[in-house]
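Data block below; observations after.
The values are calculated or read from the model by the stated rules, or taken from the named source; none is laboratory data. Predicted model, so just to flag it, every value in this text is computed and none were measured. Don't worry about glycine lacking a Cβ; one is built from the backbone with ideal geometry, like all the others, and counts go over all protein chains shown. Heavy atoms of the whole protein, side chains included, go into the accessibility calculation; ligands, DNA and RNA do not. Shrake-Rupley method; radii C 1.70, N 1.55, O 1.52, S 1.80 Å.
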Amino acid sequence: MRTSQPQTIFLKDYRVPAFLVDHVDLRFELFEDGARVHCTLAMRRNPDSDSSDKSLELDGDSLTTLESVSLDGNPLEGSAYEDRDDKLTLHEVPDQFNLGIVTWIEPQNNTRLEGLYKSSGMFCTQCEAEGFRCITYFPDRPDVMARFRTRVEADKTRYPILLSNGNDVEKGDLADGRHFVTWEDPFPKPCYLFALVAGDLVEKRDSFKTMSARDIDLRMYVEPRNAEKCDHAMDSLKRAMRWDEEVYGREYDLDIFMIVAVDDFNMGAMENKGLNIFNSSCVLASQETATDMAFQRIESIVAHEYFHNWSGNRVTCRDWFQLSLKEGFTVFRDSCFSADVGSPTVKRIEDATMLRTAQFAEDAGPMAHPVRPESYMEITNFYTLTIYEKGSEVVGMIHTLLGADLFRKGSDLYFERHDGQAVTTDDFVRAMEDASGRDLSQFRLWYEQSGTPELTVRDEFDDAAGIYRLTIDQSIPDTPGQTNKKPQHIPFAIGLLSADGQPLPLKLTADDAEAPMDCVLELTDASHTFEFHGLSERPVPSLLRGFSAPVRVFYPWTREQLTFLMSHDPDGFNRWDAGQRLAVDVINSLVSSTGENVDAGLVEAYRSLLADSSLDQALVAKMLQLPSEAYLIELADQPNVPAIHRARERVLEHLARSLRDELLACYHRNTLSGPYEVTPEAVARRSLRNTALAWLLHVDDEEGRTLAISQFNESDNMTDRMGALRALVNSGYEKEQEQALADFYRQWKDDPQVVEQWFAVQSGSSRTGGLRKIHELMEHSAFDWKNPNKIRSVIGVFAGQNLPAFHAEDGAGYQFLAEQVRKLDDSNPQIAARLVSPLTRWRKFAPVHGDQMKSALETIRDKSGLSRDVYEVVHKSLAGQ
Ligand code: B3K
Ligand code: ZN
């Protein structure tokens, strides 16, 4: 258990390591009751360090027994070192030496899932960020890069497959039915990229020819029951490898690339050098078991982890404050990849939705931090939407400001200049500056200042002069530890439309002959006024096209303007955005005045979306989705959750009743025949059809009910099966709902990834009985406290999606969450800390809810022996009262 008063670690305290490791020799003896790890480090004093300290300090965590320590082959007496749980200090070491350490660890009892642990009978590892220190004592920091040689020994029958990073250089049998394989990784790497897997796994093979005609062996390792679920990930991997060559000129470097699927995993996947380890739910797919969304998620995660081979592994982070160096950049790379292989507009909508719903909330809450944080207690808490998604937006803004060609020059320079190094976000920006000649000094504030910039836009039209003036003011709200922020450098893409829906040329001067139809305004001051000349009428502005910066925009749109933009804006993203803003406005007016009718304009706007099959159906599918409750809550001050829920439901019901015929026609028009395919078109059609079905069932439509039941029984893919199940679960047809849930479970009870979806569809529904249902699910035999996916699909989905139940008047939802966090804190602090998140926004809510949320946080705070992970989140949330 970790100390209950954790230290804060500051970026300003960074010092280069006093010692470097040139080579790591590892030997793992794996047994059922534990593992012996023999580690030999070839170390030397770092010439760049000014420390004259003779002692050497290594990190350790939860290591059961330190069996021996030797220096240059000579065993050390206990007096030569000090062994505390989290540090091994050797009092005096020479300038260059070989250090031998033997530890005994217990992977079978490792419930934290950090370091070496067991999942479904196999051994696997997770070392990022600080898991390697749970395997052996080591200078566990990313700027210590070494070459690794790893010998894995285990029982041959139980663990026929033995894997680690790099190439397998030796293998053979040992006494007592055991065997070994030795792996050598020629690329120096930080220990967080180390990986080991041992298990009884089937191997799926494929190959890839690189741009320099090298043949790469591609291998996936999965449990035998998952053998048929590998094709999609393998195809995605090959697409990603090709894309990285074409778009970034990056070629794979080892001879083998391996992917392993494990069921118990704290997050989505991990980019260990040459041996990526995935959460089963983020890699395994078949049309019967995975939805379209899962197919797309898998493609993007496989690509993300692969792209890390350059943005993360070949060029890594100097320290964990620089995490966004690899994560922001790699998310940007995987987003562009998904946009290229799918629908760019839809991808942009998905990214912006996530950002505006969840990252903006994080940036406005007690855990708000810059893309490059200044301090942390537990680094695991900083794998956040800010580091990943806002970090990606920041890289995307550099791309917008420089243009594709200069950005590519910048990334080439970055990879070339820093290959094999551990560097900072500043090094990344400098490479972009050096390659482009642009000054990004003000832009760097995006890395330093937290909080979401707010842009207030005003406009006026000078009829006589034909000039349209747009004034944009920016301000950035205060966040913990940061006030009075400086204006940031913001790319603001816009267009102007005439009253008949035509794009207008943007003449920034009266005699601008080659005025473009859209442009990127660069905001650098607290206030700017831009003039557009030569206009004969007042235009309708299309603001922040393509969501060109992660900011909030305030402009007094009328409903007429929004409806107009919904059908005329050439920018697909802004069409969708106008629809969202209109729906938000309509729902919010019902929240404040319950007597009001649903605006007929909204119904007509949706009617034309449903009717016009010439429109981009992928975009229509997105436009038909009403803003989520979570987004509506995020937009509101002191949100009244039940009222928001009721208002949104009312709009949904009204739309469903008013558009019944159109919905039925949409349903039938989008019924697909032929083999299942995950193309943007097929995905859009299934999505449209399932949205139509969900709306129809929302008002208990008889025809809808019949369609849902036959779709549930007859469809050949999980998207439609789940679409029908979800529609039934959210309907008032209780008998049918129970029947479908029971049938579904019976059919899929042996497939954990499907059972997780079965849990989630129930825990996320406001119609299944609230907390009572959650307790019932947690008592179900398939629920497993040791499996993060089960915890997320029941408890996480309840608190994050079933918002009326979570925010129930009596505060029971909050107390429930607090109890689960307390319970989980002992076994898996990382997951426990993530679960706390919905409570951290207590100040946003009116006291009737806020006080109850706060008292739930206090219940967690008062648990004895609280982990560092949960301690940090809870204390920061309660701070400053
Ligand atoms: N780098 C890993 C995340 C590790 C999280 C450690 N708590 C996956 C990724 O971002 O690719
Ligand atoms: Zn990543």
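With a ≥ b ≥ c the root eigenvalues of the C-alpha gyration tensor of region 1-109, is it rounded (a/c under 1.5), prolate (a/b larger than b/c) or oblate?
oblate
Quick one: length gained pulling GLU228 to ALA42 fully straight, 0.36 nm per residue minus the C-alpha distance?
62.6 nm
Please compute the length gained on full extension between ASP86 and GLU819, using 0.36 nm multiplied by the number of residues separating them and subtracting their Cα-Cα distance.
Full extension of this stretch gives 261.0 nm more.
Hey, any idea what % of region 201-309's accessible area is carbon plus sulfur with a 1.4 Å probe?
Ligands and nucleic acids excluded, carbon and sulfur reach 48 percent.
May I have the convex hull volume per residue, in Å³, for the Cα set of region 109-249?
145 Å³
For region 3-37, state which trypsin sites (Lys or Arg not before Pro) are in a DSSP loop and have at most 13 other beta carbons lying within 10 Å of their beta carbon.
Answer by residue number: ARG15.
Starting from the Cα of LYS54, draw a straight line to each of the lysines and keep only those under 22 Å, dropping any in the same chain fewer than 8 residues away.
Filter leaves LYS87.
With point charges of +1 on the Cβ of Lys and Arg and -1 on the Cβ of Asp and Glu, referenced to the Cα centre of the chain, which listed residue (HIS654, PRO480, MET43) lies farthest in the positive direction of the dipole?
HIS654
Rounded to the nearest 5, what % of the DSSP beta bridges within the chain are antiparallel ones?
For the chain, the DSSP antiparallel bridge percentage is about 80.
Can you bin region 527-671 into rounded, prolate or oblate? Criterion: square roots of the alpha carbon gyration tensor eigenvalues sorted a ≥ b ≥ c, rounded for a/c under 1.5, prolate for a/b above b/c, oblate for the rest.
The shape class here is oblate.
Viscosity 0.692 mPa s, temperature 37 °C: what is the translational diffusion coefficient of region 201-309 from Stokes-Einstein with a Kirkwood Rh over Cα pairs, rounded to a whole number of µm²/s?
238 µm²/s
Under the rule a/c < 1.5 gives rounded, and otherwise a/b versus b/c splits prolate from oblate, where does region 842-881 land using the Cα gyration tensor?
In terms of gyration-tensor shape, prolate.
I'd like to check one number: the per residue accessible area of region 201-309, probe 1.4 Å, reported in Å² as a whole number.
Result: 30 Å² of accessible area for each residue.
Could you work out how far the C-alpha centroid of region 778-813 sits from that of region 638-681, in angstrom?
Answer, in whole Å: 25.
Using only the alpha-carbon atoms, how far is helix 752-763 inclined from the longest principal axis of the chain? Give it as 0 to 90 degrees, nearest 10.
Taking Cα atoms only, the helix is inclined about 40 degrees.
Given a 1.4 angstrom probe, I'd like the percentage of the accessible area of region 569-637 that is carbon and sulfur, rounded to a whole number.
48 percent
Express the carbon and sulfur contribution to the solvent-accessible surface of region 1-200 as a percent, rounded to the nearest whole number, probe 1.4 angstrom.
44 percent
Give the distance, in whole Å, between the Cα centre of region 546-605 and the Cα centre of region 63-131.
The two parts, judged by their Cα centres, are 58 Å apart.
Sorting check: for 136-142, 845-851, which peptide has the highest mean count of neighbouring beta carbons within 10 Å, and how do the rest follow?
Packing proxy ranking, top to bottom: 136-142, 845-851.
Just the number please: accessible area per residue for region 1-200, 1.4 Å probe, all protein chains included, in Å².
Roughly 42 Å² per residue, with all protein chains present.
Restricting the count to DSSP beta bridges whose residues both fall in region 1-200, what percent are antiparallel, rounded to a multiple of 5?
Roughly 90 percent of the beta bridges in region 1-200 run antiparallel, per DSSP.
Cut-off under 21 Å on the C-alpha distance; same-chain residues fewer than 8 positions from LYS209 excluded. Which lysines are left, in chain and number order?
In chain and number order, the partners are LYS238, LYS273.
Considering the dipole of the chain built from charges on the beta carbon (Lys and Arg +1, Asp and Glu -1) around the Cα centre, which of TRP748, PHE806, GLY268 is farthest to its positive end?
The residue sitting farthest along the positive end of the dipole is PHE806.
Report the trypsin sites (Lys or Arg not before Pro) located in region 488-596 that are in a DSSP loop and have at most 16 other Cβ atoms inside 10 Å of their Cβ, or state none.
Loop-located and lightly packed - none at all.
Sort out for me the Cα centre separation of region 216-255 from region 156-199, rounded to whole Å.
With region 216-255 and region 156-199 each reduced to a Cα centre, they are spaced 20 Å.
How much length is gained if the chain between ASP235 and TRP104 is pulled fully straight, taking 0.36 nm per residue apart and subtracting their Cα-Cα distance, in nm to one decimal?
My answer for the length gained is 43.2 nm.
Mind putting a number on the dipole of region 201-309 about its Cα centre? Charges go on the C-beta only, +1 for Lys and Arg and -1 for Asp and Glu, and I need it in Debye to the nearest 20.
Roughly 100 debye for region 201-309.
Taking every pair of distinct Cα atoms and averaging 1/r, then inverting, what Kirkwood hydrodynamic radius in Å comes out for the chain?
It works out to 29.0 Å.
Let's see if you can work this out: charge +1 on each Lys and Arg Cβ, -1 on each Asp and Glu Cβ, no other charges. What is the dipole magnitude of the chain about its Cα centre, in debye to the nearest 20?
Dipole of the chain, to the nearest 20 debye: 860 debye.
Could you pull out every one of the lysines with an alpha carbon less than 23 Å from that of LYS823, ignoring same-chain neighbours closer than 8 positions?
Filter leaves LYS118, LYS773, LYS786, LYS790, LYS854, LYS863, LYS876.
Jot down the radius of gyration and Dmax of region 320-448, Cα atoms only, both in angstrom.
Calculated on Cα positions, Rg and Dmax stand at 14.6, 40 Å.
Please give the net charge around GLN482, taking every other residue with its beta carbon less than 12 angstrom from that of GLN482, where Lys and Arg add +1 and Asp and Glu add -1.
The answer is -2.
Find, among the trypsin sites (Lys or Arg not before Pro) in region 69-127, those assigned to loop by DSSP (not H, G, I, E, B) with at most 10 other beta-carbon atoms within 10 angstrom.
Counting only loop positions with at most 10 other Cβ atoms within 10 Å, none of the trypsin sites (Lys or Arg not before Pro) in region 69-127 qualifies.
How large is ³J(HN,Hα) for each residue in region 736-741, as worked out from phi by the Karplus curve 6.51 cos²θ - 1.76 cosθ + 1.60 (θ = phi - 60°), to whole Hz, x for Gly and Pro?
5, 4, 5, 4, 5, 4
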